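S.K.: The following block contains the structure, expressed as structure tokens.
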Amino acid sequence: MSQFINGKIVDGTTGETVDIIDPSNGTTIATLTLAGSDDVKLAVQAARDAFPAWSRATPAERSAVLTKFAALMEERAEEFAQLETRQAGKPIRLTREFDVPGTIDNIAFFAGAARNLEGKATGEYSPDHTSSIRREAIGVIASISPWNYPLQMAAWKILPAIAAGNTIVLKPAEITPLTSLLFAEVATAAGLPHGVVNVLTGRGSTVGAELLRHPDVDMLSFTGSTNVGRTVLEAAATTAKRVHLELGGKAPFVVFDDADLEAAIHGAVAGSLINAGQDCTAATRAIVHRSLYEDFISGVAELYAKVKLGRTQDPATDLGPLVSQAHREKVAEMVDRARGYARVFGGGIPDGDLAAGSYYRPALVADANPDSEIFRDEVFGPVLAVTPFDTDDEAITLANDTPYGLAASVWTKDIYRSLRATREIRAGAVWVNDHIPIISEMPHGGMKQSGFGKDMSTYSLDEYTVIKHVMFDLSGDKAKSWHRTIFALEQ
């Protein structure tokens, strides 16, 4: 299972292979042949060929396929959970209770949303004309998804695109492609026509770059780092392709002086450690009122020490490994540098039974200067940096002092303070007295250098449709027609 092109599982044509590694123990769980330029051409052509019929399918027909797809996913939920755990190093409890159920719910949501693609009709704007607004599919979508949520990100890319009548070529991260490939296979088994969804396992420098500049691709959708997002924008500019970007984040976690401290401490632990901190919306910058500061630090440090690192197949495991040894080294190096200018609680690489995996203990970095690397840059690991504030104005300024704007949370019992903070913090999502919950009905997406466009919700359908104006002359009188008013033409 290397590529999924035109409804079939095929091998890549490059002859080059990639080993899919279980981050919990360093063992190889699969070896795939990588896609190349020829595979990109085949996949894009398959999507192009499938587009006319799929875009003309009725909303009811598209909805029926997605409804069956959700049912098949439910039947195979444990298979998806096991595969996601093995390729991405996620604790089995997380994949069983979050990744897979969330994906199934997303399919069910878009099965309904596919039947609610509304246009508009009106005769208000001209006495002799009537207009209608059509919402139409864009065409072939090239999507690139990341390694931190392989299954969910594949769903977030594929579902709104096909619900709106588009076809798609998805390039998942080459180190975590297995659930994306299986996702496409099950969708096809549910009745999705061949060519509507294609998945290519390949490197970004080859397959990704080829998709970005392919002339038969009508839109680019990318989730990943801000630096690569700029590359996507540059590629799109050459052919004026439509672009959807969900990029990096450095979410502030603002704790005001009237907050429920115990709730904030537990929220900070869960919000910073979900998926081992490999989450663009994770709580990464705690901005805490000085009156609660030391108690917050001691409370988080105490809970961090109790977090259970363990085998990913153990349902009691709280924190799994990072995605790779190389990524763990990057996280460890950033924390080690922080030890030179801040108080660091925890962190470090465990030994014993976990030594073969890419595990890293949770690290709390207190007294982090707002200008420091650990406070400003994405760590993408189980690390929370903390700094104090004295006034509400200072807290909001610190929260916004970042190039990112994906998510944030505020912790307060004061309704007026929460309303002000949620209005003034520049982020695509702001939670109050909670951090990180997402639901299919609500949009996900950022502002500033966290990108633009929405995943999930009916708002995502705006990203994957184009608005067309259609006007009809109703006058029935050639003498009154618009063109005769402008041009006095003789018969």
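The values are calculated or read from the model by the stated rules, or taken from the named source; none is laboratory data. Quantities reported herein were computed from a predicted structural model and do not represent experimental measurements. In this analysis, Cβ positions are derived from the backbone assuming ideal geometry, glycine residues included, and neighbour counts consider all displayed protein chains. The accessibility values were calculated without ligands, DNA or RNA, using every heavy atom of the protein model including side chains. Shrake-Rupley method; radii C 1.70, N 1.55, O 1.52, S 1.80 Å.
S.K.: Counting only residues that are free of Cβ contacts under 8 Å to residues at least 60 places away in the same chain and in a loop (DSSP other than H, G, I, E, B), which one in segment 226-271 is farthest from residue 429 (Cα to Cα)?
M.R.: 240
S.K.: Also, quick follow-up: Would you mind finding the one in 217, 255, 199, 186 that is closer than 23 Å to residue 101 by Cβ, more than 20 Å from the chain's Cα centre (by Cα) and not charged (D, E, K, R)? Before the answer, list the steps.
M.R.: Values: 217 fails: closer than 23 Å to residue 101 by Cβ; 255 fails: closer than 23 Å to residue 101 by Cβ; 199 fails: more than 20 Å from the chain's Cα centre (by Cα).
Going through 217, 255, 199, 186 in turn, just one is closer than 23 Å to residue 101 by Cβ, more than 20 Å from the chain's Cα centre (by Cα) and not charged (D, E, K, R): 186.
S.K.: Counting residues that are more than 30 Å from residue 167 (Cβ to Cβ), of a type outside the set (A, V, I, L, M) and modelled with pLDDT under 95, which helices (runs of 4 or more DSSP H) fully inside segment 407-491 reach at least 3?
M.R.: On the way: elements: 415-424, 459-463, 482-486.
Passing ranges, in order: 482-486.
S.K.: So which residues in segment 23-35 are in contact with a helix residue (DSSP H, G or I) (Cβ under 8 Å, 6 or more places away or on another chain) and either surrounded by fewer than 20 Cβ atoms within 10 Å (Cβ to Cβ) or assigned to a strand (DSSP E or B) (or both)?
M.R.: Within segment 23-35, 26, 29, 30 qualify.
S.K.: With the condition kept exactly as written, say whether any residue in segment 75-92 is part of a loop (DSSP other than H, G, I, E, B), over 17 Å from residue 156 (Cα atoms) and open to solvent by 30 Å² or more (accessible area, probe 1.4 Å). First the steps, then the outcome.
M.R.: Our first condition is that a residue be part of a loop (DSSP other than H, G, I, E, B); within segment 75-92, this holds for 76, 89-91.
Then drop every residue that is not over 17 Å from residue 156 (Cα atoms), which leaves 76, 89-91.
Next, from what is left, pick out any that are open to solvent by 30 Å² or more (accessible area, probe 1.4 Å): 76.
Within segment 75-92 (the criterion being part of a loop (DSSP other than H, G, I, E, B), over 17 Å from residue 156 (Cα atoms) and open to solvent by 30 Å² or more (accessible area, probe 1.4 Å)), the answer is yes, since at least one residue qualifies.
S.K.: In the list 53, 64, 47, which residue meets the criterion of being open to solvent by less than 10 Å² (accessible area, probe 1.4 Å) and either in contact with a helix residue (DSSP H, G or I) (Cβ under 8 Å, 6 or more places away or on another chain) or in a helix (DSSP H, G or I) (or both)? Working first, answer last.
M.R.: Values: 53 fails: open to solvent by less than 10 Å² (accessible area, probe 1.4 Å); 64 fails: open to solvent by less than 10 Å² (accessible area, probe 1.4 Å).
The unique qualifying residue is 47.
S.K.: Output the residues belonging to segment 275-317 that are part of a loop (DSSP other than H, G, I, E, B), open to solvent by less than 40 Å² (accessible area, probe 1.4 Å) and farther than 23 Å from residue 99 by Cα.
M.R.: The first filter runs over segment 275-317 and keeps only residues part of a loop (DSSP other than H, G, I, E, B), leaving 278-282, 290-292, 307-308, 310-317.
Subsequent filtering for residues that are open to solvent by less than 40 Å² (accessible area, probe 1.4 Å) retains 278-282, 292, 307, 310, 312, 317.
If the condition is that a residue be part of a loop (DSSP other than H, G, I, E, B), open to solvent by less than 40 Å² (accessible area, probe 1.4 Å) and farther than 23 Å from residue 99 by Cα, then 292 is the only one that fits.
S.K.: Do we find a residue being over 19 Å from the mean Cα position of the chain (by Cα), surrounded by 24 or more Cβ atoms within 10 Å (Cβ to Cβ) and within 21 Å of residue 322 (Cβ to Cβ) anywhere in segment 134-152?
M.R.: Within segment 134-152, none of the residues are over 19 Å from the mean Cα position of the chain (by Cα), surrounded by 24 or more Cβ atoms within 10 Å (Cβ to Cβ) and within 21 Å of residue 322 (Cβ to Cβ).
S.K.: Of all residues in segment 354-398 being assigned to a helix (DSSP H, G or I) and free of Cβ contacts under 8 Å to residues at least 12 places away in the same chain, which is nearest to residue 27 (Cα to Cα)?
M.R.: Our first condition is that a residue be assigned to a helix (DSSP H, G or I); within segment 354-398, this holds for 354, 373-376, 392-398.
Pick out the ones that are also free of Cβ contacts under 8 Å to residues at least 12 places away in the same chain and you get 393-394, 397.
Numbers: 393: 50, 394: 48, 397: 46 Å.
Per the criteria, the residue is 397.
S.K.: Select from segment 188-204 the residues that are among the small types (Gly, Ala, Ser) and touching a Gly at 6+ places or on another chain (Cβ under 8 Å) and list them in ascending order. Don't jump to the end; show me each part of the working.
M.R.: Of all residues in segment 188-204, those among the small types (Gly, Ala, Ser) come to 189-191, 195, 202, 204.
Listed by number, the residues that qualify are 195, 202.
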